[in-house]
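See structure below.
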């Protein structure tokens, strides 16, 4: 994902602009208006090592997609009319989790074109979004790099937007030779990037922690309508929050509530320093104490309503040193005493 700093720096290869120009020419159309909107000067196009900013890429892409009425920009045998990717987002926004949403996104993308196939898989704790080419149907040819990069970044952008979370990539595998502008890939994709033009079958993919698949969807129809006004920001928006950490902390507390009473103990379970744990939770708008209170409250309510265990035993099971401190905390959480809950 491109950050705010790089959004204003020229990091995107000029080769991608040339691919859009090629799409115009294939249709017998003039790209001059789109280039002007994106403020891309003619002399920049003559420099094969030139770069454009994320802002310029966004405006050029939107203009080209609208004027060509093709959100695939000439990659496939048939056009993907303006609004196609918005339709995919609409189909995904009602999913309960990111995993379900991305399976829908891939399945519905496959309905738009069979020139490539998108799929989601999980192996050894990693989730992978695969892009498989089908050269027997349609050879992407010169458009291969731009097509693969654009679709994988779009898939990642959709996943980040749906969960309102920064999804950290572990590695990216791309089915084409390393281009002359390979240095730009440190911005286009996080983590390790491998170029493998000889892979069989011809598959490219992005990989990330499979834990992200369980994150809940945090968007609704109103948010979707706002997003669609500038949908191309999905590939440049800076998601600083990584909501997976909150879910991991919550799970540690659920599984080890009696053994994870302090920040040091929680951090040790996660393999983090205590300072890093607090800093990253703060970036996500959460705190360890809030998460502990939430887990303790849920566990206490379950034990109080479903068992007849003594208060002292329940207090110990939810991480309190004595029953008095537990009862004070319980009243703060619920506005009720333990007796009022058990004996309404």
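Derivation of every value follows stated rules applied to the coordinates shown; laboratory data play no part. What you are looking at is a predicted structure, and each value in this text was computed from that prediction instead of being measured. Here Cβ is always computed from backbone atoms with ideal geometry, including for glycine, and neighbour counts include all displayed protein chains.
Available extension along the chain between residue 261 and residue 87 is 58.0 nm, counting 0.36 nm per residue and deducting the alpha carbon span. To the nearest 10 degrees, how steep is helix 144-163 against the longest Cα principal axis of the chain, on a 0 to 90 scale? The helix 144-163 is inclined about 30 degrees to the chain. Please give, to one decimal in nm, the separation of the simple spin-label points placed at residue 332 and residue 308, each 7 Å out from Cα toward the Cβ. Distance between the two pseudo-spin positions: 3.2 nm.
For the options 287, 92, 204, a Gaussian network treatment of the chain with springs between C-alpha atoms closer than 10 Å singles out 287 as fluctuating the most. For the pair residue 298 and residue 107 in one chain, pulling the backbone fully straight at 0.36 nm per residue adds 65.1 nm over the alpha carbon distance. To test your reading of the geometry: what angle, between 0 and 90 degrees and rounded to tens, separates the Cα axis of helix 54-68 from the longest principal axis of the chain? It works out to around 60 degrees. Projecting label points 7 angstrom from Cα along Cα→Cβ for residue 139 and residue 187 puts them 3.2 nm apart. Residue ranges 324-332, 207-215 sort as 207-215, 324-332 when ordered by packing (mean number of other C-beta atoms within 10 Å per residue, highest first).
Stretch residue 126-residue 340 to full length: gain in nm at 0.36 nm per residue minus the Cα-Cα span?
Here the answer is 72.4 nm.
Counting only DSSP beta bridges with both residues in the range 4-235, the antiparallel share comes to about 85 percent.
When shorter helices are ignored and each DSSP H run of at least 4 residues is given -39500 (n - 2.57), the per-residue value for the chain at 222 nm works out to -14500 deg cm²/dmol. Extending 7 Å from the Cα toward the beta-carbon at both residue 223 and residue 198 defines two label points whose distance is 4.5 nm.
Could you state the orientation-averaged shadow area of the convex hull built on the Cα atoms of the range 244-342, in nm² to one decimal? Write down the numbers at each step before the final one.
Numbers: hull surface 24.8 nm².
With every direction weighted equally, the projected area is 6.2 nm².
What is the order of 52, 249, 254, fewest Cβ neighbours within 10 Å to most?
The order, fewest Cβ neighbours first, is 254, 52, 249.
On a 0 to 90° scale, report how tilted helix 288-306 is relative to the longest principal axis of the chain, with both axes built from alpha carbons and the result rounded to the nearest 10. Approximately 60 degrees, to the nearest ten.
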